[in-house]
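All of the numbers you see were taken from the coordinates with simple rules; none came from a lab. Computed from a predicted model, the values in this text were never measured in an experiment. Cβ coordinates were reconstructed from backbone atoms using ideal geometry, including for glycine residues, and neighbour counts include every protein chain displayed.
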Amino acid sequence: MKILIFGASGRVGEVLREVALAAGHELSTPSHTECDLEHPVTVGERVLRSKAELVVNCAAISRVDECEDNALRAHIVNAMSPAAMALACRHTGARFIHLSTDYVLDGRRPGLKPVDTRCKPVNFYGMSKAEAEFQVRENNTDALILRVSWVCGNPRKPSFVENALAQALRGEKLFAAADQDSLPTHAQDIARVILSPQLEGVSGVLQVTSCGEPMSRYSGAKMALEHACNVGILPEMPFVEAQRVCNISRFRAPRPAHTAMDNSELLRLGIPMPGARESIYRAVDDYLSFVRS
């Protein structure tokens, strides 16, 4: 199958590219300089010329505070370019899969959020991604939107899991937010879902995340470090200081507190997902293999 991937150098896109190539697919992965997502018309034209059977958008400005600083740019890249991709796919007949985020939720209530939970984002990043969901569905009713959360497992693009381990290995003081919870998702599992034949003909929104109860970044970081101790990488469990999000000085934009998503619709399609603990352990193992190589 011929696949066009936007954002193939990102945390998910890079892993998707590797998995798709290993599966024998023909790929087109334009870089930012080859196809600037700040120009939606150019993006749409790229899709129209691609002859792709599947177009996957993994690209976004995902740094929350950067979106707060430049909301217009975030709107163009995160919402208008995906809208252009969806419209172009409607014309070519290509399947379109767009990656969204748990940050479209307001996160006010704890617990797992069903897929029909109303989108009420609390920052410009979430607003741009919620607008993308709306525009993609308006422009292409056959499009599939996959909401993901707390992506880990790409050691070249570290998440809070890999960063906690790296800091511990350097002997640095460790901090993690204890009042923000969701569910980690391994990038390889997202890639597996995107290429899964069970998604053939599925449209709308699916929530792609690991299974289990919501966990805080503090709990997830401790879980990663405990696994590193168990496999002999760390001599002892380092101390991790629990923080409140509002006290993290580098955060300028508000963050939603409780964004863990219910993935039961995905499971009903026959696509299994691992538990949150397994996802974190795999991310640690992947990172250790990477730094040793």
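For each of 281, 103, count neighbouring Cβ atoms within 10 Å of the residue's Cβ, then give the residues from fewest to most. Spell out each step's value before the answer.
Working: 281 21, 103 26.
With the sparsest Cβ surroundings first, the list reads 281, 103.
Structure shown: which of 113/157; 51/113; 51/129; 2/157; 129/157; 129/173 lie over 29 Å apart, alpha-carbon to alpha-carbon? Display every interim value, and only then the final one.
Details: 113/157 27 Å; 51/113 37 Å; 51/129 26 Å; 2/157 26 Å; 129/157 21 Å; 129/173 33 Å.
Cα-Cα > 29 Å for 51/113; 129/173; rest within.
Considering all projection directions equally, how large on average is the shadow of the alpha-carbon convex hull of region 179-293, in square nanometres?
Working: hull surface 37.3 nm².
Answer in nm², one decimal: 9.3.
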R0 = 30 Å: FRET efficiency of residue 109 with residue 163, Cβ-based, nearest 0.05? 0.60
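What length, rounded to one decimal in nm, is gained on full extension from residue 23 through to residue 264, with 0.36 nm per residue of separation minus their alpha-carbon distance?
Answer, rounded to one decimal: 84.1 nm.
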Modelled label-to-label distance, residue 34 and residue 196, 7 Å Cα→beta-carbon offset: nm? 2.9 nm
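Using a 10 Å cut-off around each Cβ, can you sort 65, 116, 181, 262 from fewest to most neighbouring Cβ atoms? Mind dumping the intermediate values first?
Values: 65 13, 116 9, 181 23, 262 18.
By the 10 Å Cβ count, ascending: 116, 65, 262, 181.
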Suppose every Lys and Arg Cβ carries +1 and every Asp and Glu Cβ carries -1, with no other charges. What dipole size does the chain come out with about its Cα centre, to the nearest 20 debye? 120 debye
Once the piece of chain linking residue 138 and residue 73 is laid out straight, how much longer is it, given 0.36 nm per residue of separation minus the C-alpha distance between them? 21.3 nm
Can you quote the Å³ per residue value for the convex hull of the Cα atoms in region 108-206, rounded to an integer? 137 Å³
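Just rank 229, 119, fewest to most, by other beta-carbon atoms within 10 angstrom.
Values: 229 14, 119 18.
Fewest-to-most ranking of 229, 119: 229, 119.
Rounded to two decimals, what ratio of Rg to Rh does region 18-127 give with C-alpha atoms and a Kirkwood Rh?
On the way: Rg = 15.6 Å, Rh = 15.4 Å.
My calculation of the ratio gives 1.01.
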Extreme residue, positive dipole direction of region 173-293, given options 198, 218, 245 (C-beta unit charges): 245
Run the simple label-point estimate for residue 117 and residue 249 please: 7 Å along Cα→C-beta, distance reported in nm. 3.2 nm
